[in-house]
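To start, the structure under review is shown below, and the notes come after it.
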2 protein chains.
Amino acid sequence: MGMGHWVCAVGFTLLLCAGGASAQEQPRLNLMPMPGNVQVGSGILRVDSSFSVALTGHTEARLDRAVQRFLRQLSRQTALPLSPKASTKPTLKVHTDHPSKEVQELGEDESYSLSITPDDAKIDAPTPLGAMHGLQTFLQLVEVSPDGFAAPAVTIQDKPRFPWRGLMIDVARHFIPLDVLKRNLDGMEAVKMNVFHWHLSEDQGFRAESKKFPKLQTLGSDGLYYTQDEIRDLIAYARDRGIRVVPEFDMPGHSTSWFVGHPELASGPGPYQIERKWGIFDPAMDLTNEKTYKFLDELVAEMTKIFPDHYFHIGGDEVNGKQWDANPKIQDFKKSHKFATNEALQAYFSERVQKIVTKHGKAVVGWDEVFIPGVPKDIVIQSWRGSASLAQAAAQGYHGILSNGYYLDLGWPAARHYAVDPTSGQAANLTPEQQQLILGGESCMWSEYVNPENVDSRIWPRNAAIAERLWSPQNVTDVASMYARLHAVSAQLEWLGLTHRAYYPQMLRRIAGQSATPEQLTALRTLADVVEPTKEYTREATAPAEPTSATPLNRVVDAVPLESDAARRFGELVDKFVSSTCREADAAAQLRTQLSAWRDNDSRLQPLIQRSFLVKEVAATSQDLSALAAVGLAALDFANKGGAAPDDWKTQQLAVIEQVKKPKSQLLLMPASAIQKLVEAVAAGGNCAATR
Amino acid sequence: MGMGHWVCAVGFTLLLCAGGASAQEQPRLNLMPMPGNVQVGSGILRVDSSFSVALTGHTEARLDRAVQRFLRQLSRQTALPLSPKASTKPTLKVHTDHPSKEVQELGEDESYSLSITPDDAKIDAPTPLGAMHGLQTFLQLVEVSPDGFAAPAVTIQDKPRFPWRGLMIDVARHFIPLDVLKRNLDGMEAVKMNVFHWHLSEDQGFRAESKKFPKLQTLGSDGLYYTQDEIRDLIAYARDRGIRVVPEFDMPGHSTSWFVGHPELASGPGPYQIERKWGIFDPAMDLTNEKTYKFLDELVAEMTKIFPDHYFHIGGDEVNGKQWDANPKIQDFKKSHKFATNEALQAYFSERVQKIVTKHGKAVVGWDEVFIPGVPKDIVIQSWRGSASLAQAAAQGYHGILSNGYYLDLGWPAARHYAVDPTSGQAANLTPEQQQLILGGESCMWSEYVNPENVDSRIWPRNAAIAERLWSPQNVTDVASMYARLHAVSAQLEWLGLTHRAYYPQMLRRIAGQSATPEQLTALRTLADVVEPTKEYTREATAPAEPTSATPLNRVVDAVPLESDAARRFGELVDKFVSSTCREADAAAQLRTQLSAWRDNDSRLQPLIQRSFLVKEVAATSQDLSALAAVGLAALDFANKGGAAPDDWKTQQLAVIEQVKKPKSQLLLMPASAIQKLVEAVAAGGNCAATR
């Protein structure tokens, strides 16, 4: 097929471009990440119990497993009993040209094409990596239809924009068991991410078994670590899904847990305990001690044998230097080497560790801090500080990946992550050759406030928007389309066993208590649906008591999703109403229904407020929601009457809104801004759109 | 403590009897099954992160594991991080006198006492079985409170009414994987059931690995069977939870799957295929062939080595005799032995198999049909036909367990199962000694219409009501109390990993499609919440196509719970309104809100009806709900006006109700009866309570 047939500007609109039929008749394709090129055809391919898959060309056991996994997943999505056997007339043919590398490498060909007609479907890919991506695309296309399950006729040619599309999970601050990691790898496969960055050590825990230095995990993990067999198991699991595993052993800071068993590595006197609090701590490795490097050499030797990936992450972030400052021996060393700053000390350490890693045949990845001009060119800089450092590194010929802007723990809405592009900001000024040095990005799930129960919900579905940013063409930026597709892909991810939706009603039931009636639960859900945890790094400061790793994560702030769908939809409704010069009767009616429910919710929640300390904590927020809704209803009343509202009314309402915008019990009341917009529009008079 | 302190008539009321404070101040104890004796004390025991358990007296590894499991479960319920280590000042002391039997036996002591004070708690039990029950009782008592998680001060002395409290799961018609069985064993432990009856063979599958006769599973199971290692694993898992495992190999009928690999066992000519349909089929073992008994002898020898329980279930149900009638050799045998009926033939077979089982040191359990006067007295009759056969057996000195009335697949409400007592009906006329022969009962989950996705929801929570019937004193019969506690225990069971609630929104999302909006999903849920699958054995007859084991279970009828909570609560509200002589304004307002939502629901569901074949199927039911709700609203309007409604109005409304009561797409619209009651009350005039 000639490329001239690719007529779609993908991602510009929900309804993909015309392929003979009118836009209205086109199905919306719930694809995420959106493929590079999509052409919608005519008709549908029915998916029923006779569905089967056949592999041609290069085959290998991994592809067979991928097909079996595909069939199981298709069976879950549809509840169709599907035979694992290939048939003589397969519905879907998957042709693979040749094997991929024995150990998956950065930049391997991941492309594929997918063609679906009403008769059958075909995936063509140079390597198993592309074939597996094609299978995932097919899964996303299967939808319920008026005549059964079906995939729309479509032709897709697809390949990633960036070769490094990662998710980092911090398993140290809260331990995340292997099965939870596995289901998140399933999620990564579904959205075509290809690097799992395993943040294995921290002040709060050393989570990988070392046989050479067993005290690392026996004394540094409370028994919560992965055995070497488990690590190998996860690596194999990841490889089966086209995912590389990059381990991180964070040093020379963020390493208190190492020192519990090995105080001799530290720059300050021991003994050390596993750190239970959050923050940046003083302990750091003694960079002047040759024994430190000998230890690291042996540990890196052991770990690089277990982790096959070419890249090895040495951390390097957030050394506060206090132990170095306090250690006379290190101060002498600093003077004798003429190091002006602690950064220079760290540069020395980084260089030494890089040489060790290189000696064992690997290339280093490190956080911003490890970038020192002059280091070997095969290093990869992971930027947590911003695009400036990434651009700076690229300008000097260094590879980088972006994580600033992709921190899932900060509680940003998907749209905000989605707007972050690895080649924007200062990187936009780079030459095309320099931009090529930017390999992609990684979302980061730091785990101060997540545990196995809620971690899925802190990663998904928002991570899918980041996955799209890293895979799809740069011009795929339509936010409304992203949210519509995110909603669909989120539903689909559930069939993988991810609990990012199911955890929520269950946590709310714990908060409400087993005796709560359905009505009381609805009241709690109504409130919980419109709040979000406070953003960025505000939770430590506002916590009722200093949080530690032993603090139960059972509060409303731990239960609610980080992005309120209900508040976003309410905001869209307000926009629609206001932009209609406050005359859209349907929008007005919907707003009134919603606001009335919110206004009346506090009284419905009272029985639970009386009964549960976890609900009592949000009593003030519940009152705020009622007050806020009353403001919104008053605004609607004014809009109904027409004419401008009196100034003092507006002042009063804005004062109420100002009040409810203040975070309480670490929660933000999300509809506040939309109701403020409503008040301001109404106060401006009949043609309220003018105020927008 | 003297028994004179036990002042409570348990189960009589939600609020347990007075213990110093007034009834209003008493907590409701969400216990199920309700213990034999409960005395509520003053105050609460706080449950926080310092909670710990210590074992005293007899200890064994199983008790240690039970405590660890208890702590994990308590941690799930509360999200408190609990240390697995015992402390010097334990919150809960568990004292066990002596070990239980190496292989758990029928009738072992399962009693325990539990005492909770504001300072600490104590469980005392003669054996680990009682200690484990006590731990489960404690878990049910932990609730959220205004001041944190807590258990009320309480003193409990408890023991089971019946020694045989079982759940049977048919893993043959649909294969149920090991992990699904395990979570159901967890559920059984929570409600103190102690027998897992594993229905391992059927026409549709032979699910246990035989190394002696591997063709049984390789040709008779589509590869869906349990290996012997898996079986041993499950038995150990059950023993850890105080649960015996009774295997069933159903013969001489219900055995088509055996004949696929071993046609020589059958009474008719082969070859045989695994049966894919439901019902009673002709194939039956050749009872005249000595090779049959040799085969069974070797199989029983193999299986009794794997299954340690003293009881071995040989099935014996529903032999239609057609193959026997058609086989001249068997007819000759019948004549030569002077057997008048096929029942007599089966009696001969049963006796032979019983001798084999006895030879291998086990006692036989069989369905009603195996009861032939004169068989050895250690046989146990499992009654699926009714209490009459159970009473008949007991009258002749035979042991029995009741399953009639406990068939979970029939779709009965919990209250109906709850009303079935093993010693009621004809058994009530037995002497006390004869009644002692009734060992208890078993709920049965036949699996024509269940699979791993929805099976939990077909077992739970209703099975907990049966568990209570078999454990608690006979006078624990208050249905309102049962439902209130069932609601709480159902929430608690979720923390075990049972999916009896979580499956439901997920199945509805599949039915609706990934693109469904929240509003559309709510509309589907509103409809789904008030329908139930048609009852008893009606699904075959009314199915759109003959159902088989390959029929997808993805329809609304497969998704909705078997008992509609929403309809039950609506019925209670109608009762309240009608009994107030239709003057209860609050009830009227609630009824109006509910009915309005139902009336308007059909139009909200239309987009999904257009888009999904699975929703389209229930379009008529959706219209019925709207029509039914309109009738209810009209009745409220009349009640509001006062005076009797005209006769023709009543006739019209009842005609509508009659119409919507007809099952459509195998669904019943459950609020129909309550609305009929409302119409009849209103039609009778102002004092509408008179019609009740």
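The values are calculated or read from the model by the stated rules, or taken from the named source; none is laboratory data. Model, not experiment: these values are computed from the prediction. Every residue, glycine among them, receives a Cβ derived from its backbone with ideal geometry; neighbour counts consider all protein chains shown. Ligands, DNA and RNA are stripped out before the accessible areas are found, and what is left, the full protein with its side chains, is counted by its heavy atoms. Shrake-Rupley method; radii C 1.70, N 1.55, O 1.52, S 1.80 Å.
General remarks:
- Each principal axis of region B:380-463 carries a Cα extent, and these read 44, 23, 16 Å when sorted largest first.
- For region B:127-227, the relative contact order is 24 percent, taking Cα pairs closer than 8 Å that sit 6 or more residues apart in sequence and dividing their mean separation by the residue count.
- The mean sequence separation of alpha-carbon pairs under 8 Å and at least six residues apart, normalised by the residue count of chain B, gives a relative contact order of 11 percent.
- Placed amide H near A:MET168: partners under 5 Å, 5+ positions off or other chain: A:HIS197, A:SER443, A:CYS444, A:MET445
- Near the amide H of A:GLY43, within less than 5 Å, lie the amide hydrogens of A:ALA153, all on another chain or at least 5 residues away, with H placed in the peptide plane.
- Region B:579-692 - percent relative contact order, Cα under 8 Å, separation 6 or more: 34
- Leading residue at positive end of dipole, the protein assembly as shown (Cβ point charges), from A:PRO328, A:ALA684, B:TRP258: A:ALA684
- Accessible area expressed per residue, chain A, with surrounding protein chains retained (probe 1.4 Å, Å²): 36
- Summary for B:ASP647: label point 7 Å along Cα→Cβ; distances to the equivalent points in the other copies, ascending, 7.2 nm.
- Estimated buried accessible area (total), pair A and B, 1.4 Å, Å² to nearest 100: 3700
- Placing R0 at 41 angstrom, the Cβ-Cβ distance between A:ASP637 and A:ARG416 gives a FRET efficiency of 0.75 after rounding to 0.05.
- When the square roots of the Cα gyration tensor eigenvalues are ordered a ≥ b ≥ c, the ratio a/c for region A:513-627 is 1.5 or more and a/b does not exceed b/c, which makes its shape oblate.
- Cα-centre dipole for the protein assembly as shown with unit charges at Cβ (Lys and Arg positive, Asp and Glu negative), debye to 20: 420
- For chain A, the alpha carbon positions stretch 81, 67, 54 Å along the principal axes, listed from largest to smallest.
- For region A:68-113, the alpha-carbon radius of gyration amounts to 1.53 times the rule-of-thumb value 2.2 N^0.38 Å expected for a compact globular protein.
- Share of carbon and sulfur in the accessible heavy-atom surface of the protein assembly as shown [1.4 Å probe, %]: 54
- For region B:585-637 and region B:372-440, distance of Cα centres in Å: 43
- Whole-angstrom gap from region B:130-146 to region A:659-685, using each part's C-alpha centre: 44
- Label distances, nm, B:PRO146 versus same residue in remaining copies, Cβ-directed 7 Å point: 5.8
- In chain B, the beta-carbon sitting nearest the axis that superposes B on A belongs to the residue given here with its distance in angstrom, B:ALA502, 2.
- Expected 222 nm ellipticity per residue - DSSP helices of 4 or more, -39500 (n - 2.57), all of the protein assembly as shown, to 500: -13000 deg cm²/dmol
- Convex hull volume of region A:237-362 per residue (C-alpha atoms, cubic angstrom): 120
- A:VAL380 long-range amide H proximity, modeled H, under 5 Å: A:VAL364, A:VAL365, A:GLY366
- Using the Karplus relation 6.51 cos²θ - 1.76 cosθ + 1.60 with θ = phi - 60°, the per-residue 3J(HN,Hα) values for region B:222-228 come to 6, x, 9, 8, 9, 6, 5 Hz, with x marking Gly and Pro.
- Buried on assembly, region B:122-156 (at least 30 Å² less accessible surface than by itself, 1.4 Å probe): B:GLU143, B:VAL144, B:PRO146, B:PHE149
- Working note: Karplus 6.51/-1.76/1.60 with θ = phi - 60° gives region A:432-440 the couplings x, 5, 5, 4, 4, 6, 7, 7, x Hz, where Gly and Pro are set to x.
- Placing a pseudo-label 7 Å from each Cα along the Cα-to-Cβ vector at B:THR517 and A:LYS662 gives an inter-label distance of 3.7 nm.
- Rounded to whole numbers, the Karplus 3J(HN,Hα) couplings from phi for region B:547-558 are x, 9, 5, 9, 6, x, 9, 10, 8, 4, 5, 7 Hz, using 6.51 cos²θ - 1.76 cosθ + 1.60 with θ = phi - 60°, and x at Gly and Pro.
- For the pair region A:212-274 / region A:161-203, the C-alpha centres are spaced 16 Å from each other.
- Computed on the Cα atoms alone, the convex hull of region A:443-522 gives a volume of 123 cubic angstrom per residue.
- Label-to-label distances for B:LYS277 across copies, nearest first, come out at 7.4 nm, using points 7 Å from Cα in the beta-carbon direction.
- Semi-axis lengths (Å, descending) of the ellipsoid that matches the C-alpha gyration tensor of the protein assembly as shown: 53, 41, 36
- Antiparallel %, DSSP beta bridges [both residues in chain A], to 5: 40
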